[in-house]
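K.L.:
So that we are looking at the same thing, I have put the structure below in structure tokens.
The values are calculated or read from the model by the stated rules, or taken from the named source; none is laboratory data. Predicted, not measured: the structure shown is a model, and the values here were computed from it. Here the Cβ positions follow ideal geometry from the backbone for every residue, glycine too, while neighbour counts run over all protein chains shown.
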Amino acid sequence: MICIIVNGEIPTITVEKVAIGDDKAIFDFTGDLGDFSLTEEGGSETWNVDPGEYNVVETPAEFWALTGIECEGGASGDLNNAVGSFELGYGEHQKCTFTNEQLPESIEVLVQGVCEGDAPYLKWVVNPVNFNGTEVTITWLDIDPGDPLYRSSGHALQGMMLWPGAVLDADGKIIDWPGWINADGIWSQGDDGYQNTLPTATVMFTINPDIVVQVEYADCGGPPAQIIVKKQVTGEASQEFAFVFNTVGFELDDSTLSHDDQGVSGELEPGDGYSVSETLPDGWEQVSAICDDGSDPLNIQLSIGETVTCTFVNTIPDEVEPVEILPFTGMYADEMAALAIALTFAGLLAVIAARRRREDRLDS
């Protein structure tokens, strides 16, 4: 038997990791050197090996991209397959540096305004891209994006929330709407703090990065409409007037009104064809019946949240004093009185004239 002893330096393999990004990560490898892991930039490991061929394969890391394999000393890298290949003899030292870059983080969001029942909601699905996120903060922005109108945190990546400014009662019925104000039972559009979310809202979704999107308000309706009927009477007479309505659900809280009274309807759906009329007592006339929006009281048109006031004015026509006709003469009493006065005056003149003639005879 012949033995050949070769004296030489033991070959070595070095694998180094360079990680470009803000977050820390662990990068796993498999292959002929066994399983091992390297961390962020500066992490490396060296092995003493026998002469021969070796392969090292990097396992893809979540949210990181392998962007380069640079090798020295005769080793080679296959970027497409994430492999570093080594072929060594005695005294050789080979090295491969695996470079990874963190993928840019972003958010994808699908969002829309929707109606649930009669209430407006914001509905969303948020997808974190190249990072893990579980909770979303939702910020409603004013016209000036730096001024938040409303912020709500702790939401899931998929969910739905009531549109700011909308309010539900204990039974889940909507009782207030964004952009509407109720003053003494009368609804009107105005500054309730959320009017700038209509008709389009600017909403920011934040997990780690954030994204700002425009969302169209879902018009689910608005405040109920109502009709107010007012009664005015000219003159001193007093009278109650009854009112008649043509629509189911349209009635006043008091359908019998006197001077300066008013009746208020319940909540009415927007639309046209509402009608109100009054029953005239004997001897009364209607002077006018006018609605403040220009509607005919027999065809009142209502829009969302509108209050229409219709005023009915009534009077008693001027009374004409009765004229008495004297029997047998065929003359009116006032005519007979005038004739009597005329005859009396004529008789007085005749007496004065006769007295003057007598005085003239005596003087002569």
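K.L.:
How about region 106-160: which of its residues are within 27 Å of Ile175 (Cβ to Cβ) and acidic (Asp, Glu)?
P.N.:
Across region 106-160, the qualifying residues are Glu116, Asp118, Asp142.
K.L.:
Looking only at region 110-150, which residues are at pLDDT below 90 and acidic (Asp, Glu)?
P.N.:
Asp142, Asp144, Asp147
K.L.:
Which residue out of Gly159, Gly165, Gly154, Gly113 is farther than 30 Å from Ile186 by Cβ, surrounded by 14 or more Cβ atoms within 10 Å (Cβ to Cβ) and not aromatic (Phe, Trp, Tyr)?
P.N.:
Only one candidate passes the filter, namely Gly159.
K.L.:
Which residues, counting only those in region 281-315, are among the hydroxyl-bearing types (Ser, Thr, Tyr) and either assigned to a strand (DSSP E or B) or under 21 Å from His259 (Cα atoms) (or both)?
P.N.:
Correct list: Ser288, Thr307, Thr309, Thr311, Thr315.
K.L.:
Do you know which residues across region 238-255 are more than 17 Å from Pro297 (Cβ to Cβ) and at pLDDT 80 or above?
P.N.:
Once the filter is applied, which keeps residues that are more than 17 Å from Pro297 (Cβ to Cβ) and at pLDDT 80 or above, region 238-255 yields Ser238, Gln239, Glu240.
K.L.:
Under 6 Å by Cβ, and 6 or more places apart or on different chains, what pairs join a residue from region 223-244 that is more than 21 Å from Asp293 (Cβ to Cβ) and assigned to a strand (DSSP E or B) with one that is acidic (Asp, Glu) and modelled with pLDDT of 90 or more?
P.N.:
As it stands, the answer is Phe241/Glu278, since those pairs meet every condition given.
K.L.:
Now for a separate question. Count, please, the residues in region 63-101 that happen to be surrounded by 15 or more Cβ atoms within 10 Å (Cβ to Cβ), among the β-branched types (Val, Ile, Thr) and free of Cβ contacts under 8 Å to residues at least 60 places away in the same chain.
P.N.:
Residues in region 63-101 being surrounded by 15 or more Cβ atoms within 10 Å (Cβ to Cβ), among the β-branched types (Val, Ile, Thr) and free of Cβ contacts under 8 Å to residues at least 60 places away in the same chain: 2 in total.
K.L.:
Pull up region 90-132, narrow it to residues that are charged (D, E, K, R) and part of a loop (DSSP other than H, G, I, E, B), then point me to the one that is farthest from Thr200 (Cα to Cα).
P.N.:
Glu92
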